[in-house]
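The values are calculated or read from the model by the stated rules, or taken from the named source; none is laboratory data. None of the values given here were measured: they were computed from a predicted structure. For neighbour counting, all protein chains shown are included, and Cβ atoms are generated from backbone atoms with ideal geometry for every residue, glycine included.
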Amino acid sequence: MLQELALALRLQALDRKIASLETEIATLPKHISEIERRLESHGRRLEADRSALAANQRDRKKLEGDIQLHQQKVSKLRDQMSAVKTNEQYKALLHEIQFAEQEIATNEDKILELMVNAEARDKEVKAAEAELKEEMAEIEKEKKIAHDRTAEDEKELAEWTAKRDASRSAADQDMLRHYDRVTKFRGSGLAEVLDQKCTGCSVVLRPQTYNEVRSGKLIYCDSCQRILYYDPSKEVPKEAQTERVTKRRAHPKLDASQAWFYRAEFGDSGEVFLSFSNTAGSAHRRVYDAASGRRLGDILVRDGGYRQAFPEDLTDTIRLNGNWGEAELDEWGDELPSFVLDALQRDLDLARAEAASHRHKEPVSA
């Protein structure tokens, strides 16, 4: 049975690696589309600026043409003034000349205004063209990186898939069917036993079941049906456990604006880490896969503090230490850095050991 357990553990590790690669491969085309849309948006704004500059030039030419017509009219009217015989005719021609000259002055003012506007617009267009050129080069670089990463991931995926196929062909078929069925509904097919509990669903095992798991038998959890396994290297003597917890584990502050929790069962996602942060009257919630550190779903934002905003997520959880702020979470994007994931896992182990030490200290009633 130890060999079957080893195969099951290897299979789960392979499945998680493959799922991580498939997620990344699916994400990269979306990333490429996003940067292409960004480039198209900037290109459209540049074209709009160019069109506005061209319209400015057309308006100036039209006004210049109107000025020439009015100047010609003024010249003809002045020629006619020498031939008039009455004051009324003279005054009428003078009035027309004054009107034409006023139109010329108005158009000249408009041309000057358009010229000032054109200078500013021309600078904007040139700056936008230079920026767009740099951005196109940067985006092409990003696209190449994304394409190269996709090719690497697909090659690696093929290698890991071949390893998984080999492991599946060597595994017991009954165990394999059970593993596949539980993984489909629970997100993971195996769960480690710590402190006599299934870490998948946090249910305490019966003593006989616990001993069978420790002996290496293939045992399924009565509650979540995951295949149970035990790692003796993590077993800590009760005395040392109590001393370690007392000395080493810091307790997170209840009123902290950032908070982390472990939850053994979260919908179809299985084991997750929940991150909450209170910012400017709103609460942000992020969910990460406890094994891979990948973010699951979108970031949810609700009004109020996280305890009031997300009470349904705080049941059956273990509070963990962690004070990484919103800026760091945004910088990490869709996956927790390994040092954060390791820190959360270590603190989870300490929290479980702490809970176990408290139970051992409880007096036994006669």
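What the table below lists for this structure:
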item: Residue among K141, K76 that alone is loosely packed, with under 15 Cβ neighbours inside 10 Å and at pLDDT below 90; result: K141
item: Lone qualifier among L53, L39, L28, L46 - being under 18 Å from the mean Cα position of the chain (by Cα) and over 25 Å from R214 (Cβ atoms); result: L28
item: Residue under evaluation V116, criteria (1) part of a helix (DSSP H, G or I); (2) β-branched (V, I, T); (3) surrounded by 13 or more Cβ atoms within 10 Å (Cβ to Cβ), criterion not met; result: (3)
item: Pair list, Cβ < 8 Å and 6+ apart or interchain, from segment 308-327 residues that are in the same structural domain as A250 (by TED's automatic domain parsing) to residues that are surrounded by fewer than 17 Cβ atoms within 10 Å (Cβ to Cβ) and of a type in the set (D, E); result: A309/D303
item: Every residue from segment 120-172 that is among the aliphatic types (A, V, I, L, M) and not in a helix (DSSP H, G or I); result: A171
item: Matching entry among L63, L69 (being assigned to a helix (DSSP H, G or I), modelled with pLDDT of 85 or more and more than 57 Å from the chain's Cα centre (by Cα)); result: L69
